[in-house]
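First the structure, in the form of structure tokens, and then the observations on it.
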Amino acid sequence: MEQLKEVTFPVYMVDAFASEALTGNPAVVCVLEPDTELSSATMQHIAAEMNQTTTAFIRPFTAPTLSLDNKTLPNNEFSLRWFTPITETPLCGHATLASSAVIFEINHFPLNPGVALKPAAQADLQPLLDVCSAICGMNIVEVRHSPGTNYLLVRLDDRVDLANLVVDTNRLVAAEPKIFKITGVILTVRGPPQGALARADYDFISRYFEPWRGNPEDHVCGSAHTVSAPYWTEVLGKKSQESSHGE
């Protein structure tokens, strides 16, 4: 039998598909540190002791990325494994939802706030910014770069009807920076938006384009919100926001 060593980490019991405690579908979620290594056998022992339908183990990766300033930044990515009391399973839906809830609760959900452009980055990205300005027909209000995702957040004039804006992504590709790698562009305005999506309770509206990945527009992009949400939290002073993404 495997010799087990003492390891300490938080364990959560989460009721998925439920709005009240002790209802729904329970799952155990074990949150490991990046440097915590548990063998498959150890995870299986723990799952057997928990004796729930599924025990999930989440652990953040530590592979670094480089920012525009060549600073090393951690990746906001997690490994996730699922175990029943007797075996590992390739996927478990309710335990995945439970794991997401825990990440939100303990504030480990990956946020990728943008930073202001420095002169070298500004110069290299200027052709792309000029295209964004030309597309909307107005001046750009602010630009942020997210080192964790290599997304560019471009805040347009709030009078822009972003919901109905026609964006030729070929023009974005043609203006690709020569030095700094950009994988996506977020166009955003403060709410309530103009046009068809007008709703008084929207704090902001955004659209996300990633033609460099072969996808002209992603209409529901979660990773783009890890950039836009921190930005609008800073601008609006609100931690809870209502937003609309895409057309």
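The values are calculated or read from the model by the stated rules, or taken from the named source; none is laboratory data. Remember, it's a predicted structure, so these values are computed and weren't measured experimentally. So basically every Cβ, Gly included, is an ideal-geometry build from the backbone, and we count neighbours across all protein chains shown. Note: areas computed on protein heavy atoms with side chains; ligands, DNA, RNA excluded. Shrake-Rupley method; radii C 1.70, N 1.55, O 1.52, S 1.80 Å.
Points to keep in mind about this one:
- Compared with the direct C-alpha span, the chain from D168 to V141 gains 7.7 nm at full extension, assuming 0.36 nm per residue.
- For the stretch 80-149, the Cβ-based charge dipole about the Cα centre amounts to some 80 debye (Lys, Arg positive; Asp, Glu negative; other atoms uncharged).
- For the stretch 1-55 versus the stretch 133-172, the inter-centroid distance based on Cα atoms is 43 Å.
- Most to least packed among 164-175, 136-147 [average Cβ atoms within 10 Å]: 136-147, 164-175
- Annotation: per residue accessible area for the stretch 1-52 equals 68 Å², rounded to a whole number [probe 1.4 Å, protein chains only].
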